[in-house]
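The values are calculated or read from the model by the stated rules, or taken from the named source; none is laboratory data. Just so it is clear, the structure is predicted and the values come from calculations on it, not from any experiment. Here the Cβ positions follow ideal geometry from the backbone for every residue, glycine too, while neighbour counts run over all protein chains shown.
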Amino acid sequence: MTHKMKIDGVEVTFSEGETILEVAERHEKDIPTLCYDPRLEPFGGCRLCIVELEGARNPVASCTTKATPGMVVRTATDTIEAYRKTLLEMVVSENREVDVSPLRGYASGELANLRDKYAINGTHITGAKSGTRKTDENPFILRDYELCISCYRCVRVCAEQEGDHAINVMNRGFHTQITTEFDGLLKDSACTFCGQCIQTCPTGALADKKALRAADEVTNAMPDKTRTICPYCGVGCSVDVLTKDDKIVGIHPAMDGPANQGALCVKGQFAYDFVQHPDRLKTPLIRGTDGELHETTWEEALDRAAEGFQKVHTEQGRHSIYGIASGRAPSEAAYLMQKFIRVGFGTNYIDNCSRA
Amino acid sequence: MSNPLVDMQKPDVIFCIGTNMTECHPVAATGLKKAIARGAKLIVADPRRIGLAEMSHLYLPLRVGSDTALLLGMAHVIAREGLIDEDFIEKRTTGFDEFFEHISQWTPEWAETITGVPAKDIETAAMWYGRANKGAIYYTLGITEHICGVENVQSLCNIALMTGNIGREGTGINPMRGQNNIQGAGDSGALPNNYPGFQSVTDPKYQAKFKTEYDREIDLEKGITKVTALELCGETIHAMLIDGENTLLSDPDREHCEHALRSLDHLVVVDLFLTETAELADVVLPATAWGETDGVCTNTERRIQRVRAAVPPPGVAKPDWWIICQIAQRLGFKGFDFNEPKPIFNELCRISPIYAGLDWDRIEEGGYQWPVPYKGHPGTPMLHEEEFVNGRGIFSNVHYRDPAETISDAFPVWLTTGRRLASYHTRTQTGRAEGIDYLLPEESLEVNPDDLERWELTDGEWCKMSSARGSINIKVKATNRSPRGTVFASFSFADVPVNLLTGSGYDPVTHTAELKVCPVRLEPL
C-alpha cells in the first residue's frame, strides 16, 4: 500500500515501513549520514541525518523515523545544515586524521567527504581524542581506534550481516571503545576475518592491512576497480578487484552483488594475491630427453602437445585420449575442452573435477 | 540448488546435512544465520560438532556413512505421524504407496542402531521438518562423497516430496557447489553422459543434433568417468589433457593416481602453477588466472555471471580457451578459430536449451538463473515450481548400505575428510596468499580428547595414521568437534597428503569417491 508525504515541498509516495531517510534517498535527497549502512538496522547514533519534521519540537533522525501519511519534512534548512556542521566539527575534532587512504576500506572516505562538503577546515572545538590503537598482529585487520567515531557499524555488521558477534563495545560515553570479547586479539575471538567491519567503517579506523601493505599509502588516489566474481566456492560473490599500475592491491565486496549483497569471507576478501605470486608459470614447459621440464616457446610447446595427441590417436585409437575440464576456469574453457574431445575424437571421453 | 540463495533467509525449518557451510560456503551461511535470528529452527546432521551444529536447535551426531538410515527413519516418522502433504503427493509424485509400504519397517529405533542418533531425536527432527510450512534442505559433499551418494540424495528427495517441501519459496533441496565454476563446467558439457546444456548423449534427438552441429559421428554411448579413465591409464587410456585440476592431491588414493598419470604416453596439463600434477606432465601450458581472464561462470544457484580481467598475466600465459584452440587447430579440428571468449560463450548458448535466451551481452549484470529457454525469458530462480523436468517426482525405495570399508581390529577408527575455512582445496591458491598461514599454518588431525589415552596419543604431538592403502604422519589436535571414535583432517596440505589413505570405494552410479569414510589406525610416533 502506498501513502503520500511531502519532502522539501514536493509530494512523494512511500510504502508502509519505509523510513524518512529511505524515502528521501529514493527521491535523490542528499542527506548526510555516518552511522548508516543500508544493509543494517537503523541505529540513530550520529544524528547527521536529522531533518525538520512539521509538528515536531526538535529535529528527528530520518534513519530511525518511519514515514507516516501526511508528514511534512524539510531535509536541508539553514538550521538543520548548521546543526550538521557543528556535529561534524565535533566528530572531526576527535580524530587523529580524517584524510585516509581509500585502500583502508570500501567506506573509509565517508567522513572526509562530509568534512569537505561542509567546508570544515580545522575546528574551534578542542578536547579529548578518540580511543587508542589496539596492537593486534593479525595480517588482515588494522584496529586504529584513534579514528573511531563510535558509529557501531562494525559491531552491527558483524552481528546482523555476518552473524558472528565477534565485535563488542566497552565503556560508555567518551570512553566508548570498540573491542572484542575480553579485549583480546581478533584471532582469539569469534572473528572469521571476513573483513565486513573494514568495509563498513566510515573513517578507516578498521582498515585493510593487506591492501595498505600492497600499495603505497602516500598516494590517496582511488585505485581502479574491475567488477568480477570471487574465484573460490560456488556461491559466486561479486567483488571489485582494486588495481594500481597493473597490481592487484585489494578487494572490495560488491554491495549490489546478486549472490552476496556486500558479504564476503576471508578467502574472497584476502586470498587474492596467488594471482601475482612469483610461483606463477610464465612460460610453457616441455619435458626434455633428460627427463626434466624445460622452458620453451608457445610454438614448440603447442606443437609438442598436438603431436603427442596425434601419435597416441594414430597408434592407440580415438578411445585412448581423455580430457578433464576445470571447475575453476570459465565456461568457455570447459565448453572447448568437451568440443576438443567430441569434435576431435568423436568420443564422450570428457569429465570435470566434480567427482572428487 | 532448487531455490535461489536469497531464499535461505526464508524457511521456518532448515535441515542441514553433510554440509560444513560456515567454513566451506561462509557467505551462504550468513543467510541461514539471518533465518535463525528471525526465528527459524535449524536441524544439523553431521558426524562432527561443526560450527553449524553449535548454532543448531537440534543436533544429530550420526556415525559417518549412515545418512540413508537416518533419512529412512525420518521418513518413517513423517508417514507415521501423518505429516505428509497428500495433495502434493497426489498431484506431483509417483510411487508413494510402495514407498509408504517400504518405510513402515525402518523405524527410528532401527535407525538409532545404525546411526547412533537417539530415536527420540530422529523423531523430533522428522516432526519439525514434517510440520514446517517452509522446510528447506541444504547439503554438500557429506551427502554425495559416499558409495551410497545416490541413495543419500534420493532419501532427501523422498522426505521433500512427502512433505511438499519443493517448488515453493523457502523450501527445496539445495546442494551447495564447491567451486566457482563447477556448475558451469557441467552446464558446458564437460561430462561423459551429457552434451552441453545437459542434453543426454544417449538420446537420439541430441545425437542427431550434435552430429550436425559438430559435423562428425560421435559415440552413441556414454563416455567413461574420470575415475574409470584413471583406472585405465596405461591400459587403454594413453593420453590426457587436464585443465586446471591438481588431480594428484584432490583425488582419492594418491599412489594409484600417481601411478596412473605416470603410465600415460602423453600428459598435457594447463594450469597456473607447477602443481604436483603438472610435475608429471610432458607439456605444461601456463594459463591466465582469475583476475586476468574474461569469461563466464555459473554459481551454485545457476546464476550466470561475467568474470573480468583486471590485470595482465605474467610472462606469456594465455587464456585456457586460447590454448585449447591452438592445440585443436594444429590437429586440424574444425570449429576452433576463436579470437575472443564472447563467440565461444554465444555458441554454448545457441546449442544449449537452458542458455537459449542468453548471450554474452545479456549476462553483463548477472541477472539470469538458468533455465532461460528463450530471449525475453526472465530466468528461473526456482526449479520445479509447476512440474518436475521428468513429469512427476519419483519416490525411491532405498536401502541402507554399509560403507565400502567398516572399522575393524586392524583399522578401528573412522577417518572423515573435508575442508577448512582459511584454505581452499589443495592450497595452490590460498597457500600462496599472504597472511593465510596466520590463521591456518598446518594440517592437524582432530581427535576427541577422550580418545587420546585409548590410542596412546598426545595433543600437539605427531602420530602415524594408516589405512588399507598407506600411511601418513600428522599432528594430533584434541577437540570436542570430533566425536569419540571418529577423527577428521582436510586434504589441503601437500605435506600431509590425506588422500594417500582414502579411496575405499565409489558410488556405482556417479563414481564419486567415498572421501567421507575411511577406516584408519592411529599410532604414536
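How about the range B:438-525: which strands (runs of 3 or more DSSP E) wholly inside it have at least 3 residues that are β-branched (Val, Ile, Thr)?
Working: elements: B:444-447, B:462-466, B:471-478, B:486-490, B:518-524.
Those strands (runs of 3 or more DSSP E) span B:471-478.
Listed conditions (1) crowded, with 17+ Cβ neighbours inside 10 Å; (2) hydrophobic (A, V, I, L, M, F, W, C); (3) modelled with pLDDT of 95 or more are all met by B:TRP462, apart from (1). Inspect all residues belonging to the range B:218-235 and state whether any of them is of a type outside the set (Val, Ile, Thr), free of Cβ contacts under 8 Å to residues at least 24 places away in the same chain, more than 7 Å from chain A (Cβ to nearest Cβ) and touching a Pro at 6+ places or on another chain (Cβ under 9 Å). Yes: one or more hits.
Scan the range A:107-129 for residues that are of a type outside the set (D, E, K, R) and under 25 Å from the mean Cα position of the chain (by Cα) and jot them down. Spell out the reasoning first.
Kept after step one, since they are of a type outside the set (D, E, K, R), are these residues of the range A:107-129: A:107-109, A:111-114, A:118-128.
Correct list: A:ALA107, A:SER108, A:GLY109, A:LEU111, A:ALA112, A:ASN113, A:LEU114.
Output the residues belonging to the range B:121-140 that are in contact (Cβ under 8 Å) with a residue 60 or more places away in the chain and crowded, with 24+ Cβ neighbours inside 10 Å. Across the range B:121-140, the qualifying residues are B:ILE122, B:ALA125, B:TYR129, B:GLY135, B:ALA136, B:ILE137, B:TYR138, B:THR140. Working only within the range B:391-431, note down all residues that are more than 14 Å from B:SER490 (Cα to Cα) and of a type in the set (A, V, I, L, M). Result: B:ILE394, B:VAL398, B:ALA404, B:ILE407, B:ALA410, B:VAL413.
For the range B:1-25, residues that are more than 21 Å from A:LEU264 (Cβ to Cβ) and in a loop (DSSP other than H, G, I, E, B) total 6. Summed over the range A:15-37, the residues that are touching an Asp or Glu at 6+ places or on another chain (Cβ under 9 Å), without any contact (Cβ under 8 Å) to a residue 24 or more places away in the chain and either at positive phi or assigned to a loop (DSSP other than H, G, I, E, B) (or both) give a count of 1.
Select from the range B:333-353 the residues that are charged (D, E, K, R) and either assigned to a loop (DSSP other than H, G, I, E, B) or touching a strand residue (DSSP E or B) at 6+ places or on another chain (Cβ under 7 Å) (or both) and write down the one among them that is nearest to A:HIS313 (Cα to Cα). Step by step, filter the range B:333-353, then rank; the result is B:LYS334.
Filtering the range B:480-508 to residues that are buried (at least 17 other Cβ atoms within 10 Å of the Cβ), within 19 Å of B:LEU421 (Cβ to Cβ) and either free of Cβ contacts under 8 Å to residues at least 24 places away in the same chain or polar (S, T, N, Q) (or both) leaves B:SER482, B:SER490, B:SER492. The single residue among A:VAL169, A:VAL155 that is more than 14 Å from every other protein chain (Cβ to nearest Cβ) and modelled with pLDDT of 95 or more turns out to be A:VAL155. Being in contact with a Phe, Trp or Tyr (Cβ under 9 Å, 6 or more places away or on another chain) and over 29 Å from B:ARG420 (Cβ atoms) is a condition met by at least one residue of the range B:49-72. Only a single item in (1) over 22 Å from A:ARG328 (Cα atoms); (2) outside any helix (DSSP H, G or I); (3) more than 23 Å from the chain's Cα centre (by Cα) is not met by B:LYS222, and it is number (3). Counting only strands (runs of 3 or more DSSP E) that sit wholly inside the range A:293-356, those with at least 3 residues that are within 7 Å of another protein chain (Cβ to nearest Cβ) are A:321-325, A:350-352. Screening A:ASP164 on (1) among the acidic types (Asp, Glu); (2) closer than 25 Å to A:CYS49 by Cβ; (3) without any contact (Cβ under 8 Å) to a residue 40 or more places away in the chain shows it passes everything except condition (2).
Looking at the range A:264-283, which of the residues that are of a type in the set (A, V, I, L, M) and in a loop (DSSP other than H, G, I, E, B) is farthest from the other protein chains (Cβ to nearest Cβ)? Spell out the reasoning first.
First, the residues of the range A:264-283 that are of a type in the set (A, V, I, L, M): A:264, A:266, A:271, A:275, A:281.
With in a loop (DSSP other than H, G, I, E, B) added as a condition, the list becomes A:264, A:271, A:275, A:281.
On the way: A:LEU264: 7, A:ALA271: 4, A:VAL275: 5, A:LEU281: 4 Å.
Looking at residues that are of a type in the set (A, V, I, L, M) and in a loop (DSSP other than H, G, I, E, B), I get A:LEU264.
Restricting the first member to the range A:230-256 and to residues that are at the interface with chain B (Cβ under 7 Å from one of its Cβ atoms), and the second to residues that are polar (S, T, N, Q) and part of a strand (DSSP E or B), the beta-carbon pairs closer than 7 Å and six or more apart or on different chains are A:GLY236/B:GLN305; A:VAL241/A:THR226; A:VAL241/A:THR228; A:THR243/A:THR226. Within this structure, B:VAL64 fails the test of being in the same structural domain as B:GLN154 (by TED's automatic domain parsing), in a strand (DSSP E or B) and touching a Leu at 6+ places or on another chain (Cβ under 9 Å). The number of residues in the range B:315-329 being out of contact with any Leu (no Cβ under 6 Å at 6 or more places or on another chain), at the interface with another protein chain (Cβ under 7 Å from one of its Cβ atoms) and free of Cβ contacts under 8 Å to residues at least 12 places away in the same chain comes to 1.
For the range A:3-14, the criterion of being outside any strand (DSSP E or B) and on the phi < 0 side of the Ramachandran plot is met by none of the residues.
Of the residues making up the range A:226-281, those that are surrounded by fewer than 21 Cβ atoms within 10 Å (Cβ to Cβ) and on the phi > 0 side of the Ramachandran plot are A:ASP245, A:ASP246, A:GLN261.
Go over the candidates B:GLY172, B:GLY197, B:GLY244 one by one and state the one that is over 16 Å from A:PHE345 (Cβ atoms), in the same structural domain as B:ALA28 (by TED's automatic domain parsing) and of a type outside the set (S, T, N, Q).
Values: B:GLY197 fails: in the same structural domain as B:ALA28 (by TED's automatic domain parsing); B:GLY244 fails: in the same structural domain as B:ALA28 (by TED's automatic domain parsing).
After applying the criteria, what remains is B:GLY172.
Within the range B:261-306, the residues that satisfy the criterion of being part of a strand (DSSP E or B), of a type in the set (A, V, I, L, M), facing chain A (nearest Cβ under 8 Å) and closer than 26 Å to B:GLY366 by Cα are B:ALA287, B:VAL296. Out of the range B:227-280, which residues are surrounded by fewer than 23 Cβ atoms within 10 Å (Cβ to Cβ), in contact with a helix residue (DSSP H, G or I) (Cβ under 7 Å, 6 or more places away or on another chain), at pLDDT 95 or above and under 23 Å from B:PRO314 (Cβ atoms)? B:LEU280 - this is the single residue of the range B:227-280 that is surrounded by fewer than 23 Cβ atoms within 10 Å (Cβ to Cβ), in contact with a helix residue (DSSP H, G or I) (Cβ under 7 Å, 6 or more places away or on another chain), at pLDDT 95 or above and under 23 Å from B:PRO314 (Cβ atoms). For the range A:301-356, filtered to residues that are closer than 25 Å to B:VAL150 by Cα and in contact with a His (Cβ under 8 Å, 6 or more places away or on another chain), the residue that is surrounded by the most Cβ atoms within 10 Å (Cβ to Cβ) is A:TYR349.
Kindly indicate which of B:LYS205, B:LYS209 is more than 15 Å from the chain's Cα centre (by Cα) and either crowded, with 24+ Cβ neighbours inside 10 Å or in contact (Cβ under 8 Å) with a residue 60 or more places away in the chain (or both).
On the way: B:LYS205 fails: either crowded, with 24+ Cβ neighbours inside 10 Å or in contact (Cβ under 8 Å) with a residue 60 or more places away in the chain (or both).
The match here is B:LYS209.
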